1. Within the stretch 44-57, does at least one residue satisfy the condition of being more than 20 Å from Arg85 (Cα to Cα) and either buried (at least 16 other Cβ atoms within 10 Å of the Cβ) or in contact with a strand residue (DSSP E or B) (Cβ under 8 Å, 6 or more places away or on another chain) (or both)?
2. Does the stretch 170-181 hold any residues that are under 19 Å from Ser198 (Cβ atoms) and in a helix (DSSP H, G or I), and which are they?
3. Being among the small types (Gly, Ala, Ser) and surrounded by 14 or more Cβ atoms within 10 Å (Cβ to Cβ) is the filter here; which residues of the stretch 125-139 pass it?
4. Of all the residues that make up the stretch 34-69, how many are under 22 Å from Ser92 (Cβ atoms) and part of a helix (DSSP H, G or I)?
5. If you check Leu133, Leu146, Leu206, which single one turns out to be in a helix (DSSP H, G or I) and in contact (Cβ under 8 Å) with a residue 40 or more places away in the chain?
6. Would you point out the residue of the stretch 158-178, among those that are within 31 Å of the chain's Cα centre (by Cα) and without any contact (Cβ under 8 Å) to a residue 24 or more places away in the chain, that is surrounded by the most Cβ atoms within 10 Å (Cβ to Cβ)?
7. Scan Met149, Met120 and give me the residue that is surrounded by 15 or more Cβ atoms within 10 Å (Cβ to Cβ), hydrophobic (A, V, I, L, M, F, W, C) and at pLDDT below 95.
Amino acid sequence: MTPDDYDRLFDLLSTVVRFDPRFEVPYLLGGIVLGDSPGHADAALDLLSRGERQFPSDWRFPFYSGYIKYFSLGNPEEGGMNLLRAARIPGSPDYFPMLASRMLSEGHRPGTALAFLHGMTERETDPRRKASLEERIRQVIVERDLQSMESAIAEYASRVGAPPGKLADLVLLGVLDRIPEEPYGGKYLLTPEGRVRSDRAPQERLKVLRYR
């Protein structure tokens, strides 16, 4: 489709929903098709937002909004917040909490992800899903700690003019209160490149695979 095609589609769909605000298809069609064009992401979000107001119990509207904000607009924080809304709607897919926590961790909102996951864990009665949520909580804790320590390393280097030789230096200088406890029972290590890693946790950072 050309940019003019997308513009025309938005005008047509907007006209349809003005005549019949309770016709669900145009909102979803606009979100899916227009959202595939980064230049028309705002138009897609506008239709999805109007659809969500008409159909607040349909998880597809916040889900597609989150998808667009992440993949088309490159905003993992807002994408994750939309996925959280979708995950709270009864009948939404089981994997939504995991996807939302990945987006929020990547968007530097691990605290929000943890609060949500803890709430989900408390309400979960299926042992396998509960174990999966608990594992994700550990992963998000690691990501939160890595982000915190990497910020402290940057501050240390700014103050001292050189990176720290060991993580304990961050505490000695006062840029970090303490070295966090590693949730897998291991410890955090400072790499030669100045990054931080766990010696036990999965090494893959919590990010959503992007194909754009």
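1. no
2. Hits for the stretch 170-181 are Leu170, Val171.
3. Ser132
4. Count: 20.
5. Matching residue, one of Leu133, Leu146, Leu206: Leu146.
6. Among those that are within 31 Å of the chain's Cα centre (by Cα) and without any contact (Cβ under 8 Å) to a residue 24 or more places away in the chain, it is Leu170.
7. Met120 is the lone residue from the list that is surrounded by 15 or more Cβ atoms within 10 Å (Cβ to Cβ), hydrophobic (A, V, I, L, M, F, W, C) and at pLDDT below 95.
The values are calculated or read from the model by the stated rules, or taken from the named source; none is laboratory data. All values derive from a computational prediction rather than experimental measurement. Here the Cβ is made from the backbone with ideal geometry for all residues, glycine too, and neighbour counts use every protein chain on show.
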